[in-house]
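Written out below as structure tokens is the structure these notes cover.
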Amino acid sequence: MDNIRRQFIKGGTALVAATSLYLLHDAGAQEELPQTKKRYALLHDETKCIGCNACAEACRLTNQVPQEVARLRIERTGPYGEFPDQYYRFTRVSCQHCEEAPCVNVCPTGAANIDRSTGIVSVNSWKCVGCQYCIAACPYHIRFINPVTHAADKCDFCKETNLREGKQPACVMACPTGALMFGDLEDPHSKIVAALNSQPVYRAKEDLGTHPKLFRIRAKAGEVSL
Amino acid sequence: MSAFHSEYLVWHWPIAFYLFLAGVSAGAMFFAVLLKHLCVKDSPHLSGYIRAACLIAPVTVMAGLGILVTDLTKPLEFWKILVFYNPTSVMSVGVMILLVYTVLMFMWIALVMRPYIDEWSEMHLPWLQKITQWLSNIEPTLTGILVILSLSLGAYTGFLLSALPGYPMLNNPVLPILFLLSGLSSGAASSLLGGVLLHGNPDSREVKFIHKIEIPLILVEIVVIFTFFMGLVLTGGQSKIAAMNALGFGFWGAVFWFGILVIGLSVPLAMNLFMTATAKRRWAYVAATASCSLLGVLMLRHFILYTGQLTIA
């Protein structure tokens, strides 16, 4: 009986020790944000956006996104204010390219990943099995299952299309009012860094600790909707 | 209909069944080990309740995994989950736990059923006895790790949901504890129900043993559910709204107050206390109590999954 008890305690302790060592080993690394060569970010100037949806259409064409889903939408709220001084607010709904991306953390196969050279949150559609854990984990609710590939899909800053050809993302090129600015946060002389440093910007749901890289300039003053 | 559809719903009822079945398997295995070591002691293969647990644990875990695989958008590529791992993913860690758990579960069941295996292999496959002998040499280690793994599996079903930062009701540290406890009580209930169906004696020491554990288990479960919702309310903001949306009037409110609190917890608690007080346990009492418990846990899984996705951060 004593022997049995000893063996049980030995086995159990070994397992617990191994697990805790493994967790401890990982704990230090968690604190640092992933080091990437470039850190691409996007700035949406909501004061310039007119809600024309040219960006969404350009995205669909360039990345061949099927009709029933979308990588990029412009959400319209309002109208606010009294006639004739009425206005709408336009909010970009697309991947925020978080540096602490919940979708990447939960993905069981590593299909959701942060591209090391660009900092772009990407999907390896071959590795994706379609468990939809990432779709549930994304606090911005921008992921979807692509009806053609059956894999999770979302905005990748045109990594496989325009960016590869050395062009700006399709939405940025299509915007008629210049409301979108794309650039590298690691480059101190880039236009986007200058823009972010010269005016107040905000990011969605920052309190969740996701470190999103989609920055926004708020359209109009006044938060209270009556 | 609207109770099963909401704007940000991603995971629907198959996932609730999977969470339920994984919990039943973990609980049944946990109670099978307890029954063998603390209650029955000799000839465990003859106990109807241990037999039932040894049948239920593998069937439910397989059925749960089957549901999970068919619910993928690429069911035929499920093997990629087994090949590629991501240590930060709760699901990936859960798959590892499930794999080892399933293997050890079959080894442990083979040990319990050793008299049958040895009897059969004597005639047909004599070398099989070397394996059963090896199994019984490592039995204490095997049992210890299996108990830890079954508890991990029970908690994992909760961690799977609590890892979602976008839903304040699910992203809750109490959820894994709640799922572990309710999973254990569903395992106990399924072993009792299976045991009496396999002609186990309803007035046996196994039933008394399980009922004695079930009473404190249900009481702690009620406290944990209270803590779960108090935590949400006291956090305020979207968490409080999530709690109110879940518990308020409407379909899911009714499921919670009547289905989970009355049928799933209060009735089994009262029946357990009643059966402890009266001298003899009857077949119908044991079966009805266990059925209420199981139904309650199944409703709890659906309730948490659907109301959890109702309110976003």
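A few remarks follow.
- Taking the three principal axes of the alpha carbon atoms in segment B:51-106, the coordinate ranges are 36, 23, 15 Å, sorted in descending order.
- Net charge over other residues, Cβ less than 10 angstrom from the Cβ of residue B:50 (K, R count +1; D, E count -1): +1
- Within 10 Å of the Cβ of each residue in B:74-80, the mean number of Cβ atoms contributed by other protein chains is 5.
- For the chain pair B and A, buried accessible area totals roughly 3000 Å², probe 1.4 Å, rounded to the nearest 100.
- Square roots of five times the Cα gyration tensor eigenvalues for segment A:160-226, Å: 25, 16, 14
- For chain A, built as a Gaussian network whose Cα springs stay under 10 Å, the top-fluctuating residue of A:62, A:19, A:177: A:19
- Sorting the segments B:82-91, A:98-107 by their mean number of nearby beta carbons within 10 angstrom, highest to lowest, gives A:98-107, B:82-91.
- When the alpha carbon gyration tensor of chain A is reduced to an equivalent ellipsoid, the three semi-axes, largest first, read 40, 20, 19 Å.
- Residue A:6 paired with residue A:189, simple spin-label distance in nm, labels 7 Å along Cα-to-beta-carbon: 7.3 nm
- Per residue, segment B:19-164 exposes 41 Å² of accessible surface when a 1.4 Å probe is rolled over the protein heavy atoms with every protein chain present.
- Counting all C-alpha pairs of segment A:66-120, share separated by more than 15 Å (%): 67 percent
- Rg and Dmax, both from the Cα atoms of segment B:101-148 and both in Å, are 11.0, 36.
- Legend: mean number of C-beta atoms from other chains within 10 angstrom of residue C-beta atoms, peptide B:147-155, equals 1.
- Inter-part distance, segment B:241-313 to segment A:163-201, computed on C-alpha centroids, equals 54 Å.
- For segment B:81-194, alpha-carbon Rg relative to the globular expectation (2.2 N^0.38 Å, N residues): 1.36
- Surface composition of chain A: carbon plus sulfur atoms hold 53% of the accessible area, using a 1.4 angstrom probe and ignoring ligands, DNA and RNA.
- Accessible surface for chain A, divided over its residues, is 55 Å² per residue with a 1.4 Å probe.
- Sorting the segments B:101-108, B:68-75, B:133-140 by their mean number of nearby beta carbons within 10 angstrom, highest to lowest, gives B:101-108, B:68-75, B:133-140.
- Kirkwood hydrodynamic radius of segment B:162-295, from inverse mean 1/r over distinct Cα pairs, in Å: 16.0 Å
- Per residue, the convex hull spanned by the Cα atoms of the protein assembly as shown measures out at 182 cubic angstrom.
- Sites residue A:177 and residue B:83 - FRET efficiency at Förster radius 35 Å, r taken between beta-carbons, to 0.05: 0.15
- Annotation for residue A:91 and residue A:117: the two label points, set 7 Å from Cα along the Cα-Cβ direction, are 3.6 nm apart.
- For the residues of A:132-144, the average number of beta carbons from a partner chain within 10 Å of their own beta carbon is 5.
- At the listed q of 0.09, 0.18, 0.22 Å⁻¹, the Debye profile of segment B:1-146, built from one uniform point per Cα, gives log10 I(q)/I(0) equal to -0.38, -1.10, -1.35.
- Computed FRET value (nearest 0.05) for residue B:127 with residue B:70, which takes r as the C-beta separation and R₀ as 51 Å: 0.85
- In segment B:9-110, the portion of solvent-accessible area held by carbon and sulfur atoms comes to 78 percent [1.4 Å probe, whole percent, DNA, RNA and ligands not counted].
- FRET efficiency, 1/(1 + (r/R0)^6) with R0 41 Å, evaluated for residue B:226 and residue A:68 via beta carbons: 0.40
- Burial ranking of peptide ranges A:150-156, B:6-12, A:181-187, B:50-56 (average Cβ count within 10 Å, highest at the top): B:50-56, A:150-156, A:181-187, B:6-12
- The Cβ shell under 13 Å around residue B:141 holds other residues with a net charge of +2, Lys and Arg each +1, Asp and Glu each -1.
- Under-13-angstrom lysine pairs by C-alpha in chain A, whenever the two are 8 or more apart or on separate chains: 5
- Stretchable slack from residue B:213 to residue B:96, in nm (0.36 nm times residue separation minus alpha-carbon distance): 39.2 nm
- Max mean-square fluctuation residue, GNM over chain B, Cα-Cα springs under 10 Å, options B:163, B:242, B:32: B:163
- Stretch gain in nm, segment residue B:203-residue B:120, where the contour uses 0.36 nm per residue and the Cα spacing is subtracted: 26.7 nm
- Principal axis box of chain B, alpha-carbon based, largest edge first, Å: 66, 54, 31
- When Rg and the Kirkwood radius Rh are both evaluated on Cα atoms of segment A:64-169, their ratio Rg/Rh stands at 1.06.
- Compared with the direct C-alpha span, the chain from residue B:59 to residue B:134 gains 24.5 nm at full extension, assuming 0.36 nm per residue.
- Percentage of interatomic Cα-Cα distances in segment B:197-238 larger than 12 Å: 70 percent
- Rounded to the nearest 500, the 222 nm mean residue ellipticity of chain B from helices alone is -24000 deg cm²/dmol, with -39,500 (n - 2.57) taken per DSSP H run of at least 4 residues.
The values are calculated or read from the model by the stated rules, or taken from the named source; none is laboratory data. Here the structure is a predicted model, which means the values were calculated and not measured. With ideal geometry, Cβ positions are generated from the backbone for all residues, glycine too; neighbour counts draw on all protein chains shown. Surface areas here come from the heavy atoms of the whole protein model, side chains and all, with no ligands, DNA or RNA. Shrake-Rupley method; radii C 1.70, N 1.55, O 1.52, S 1.80 Å.
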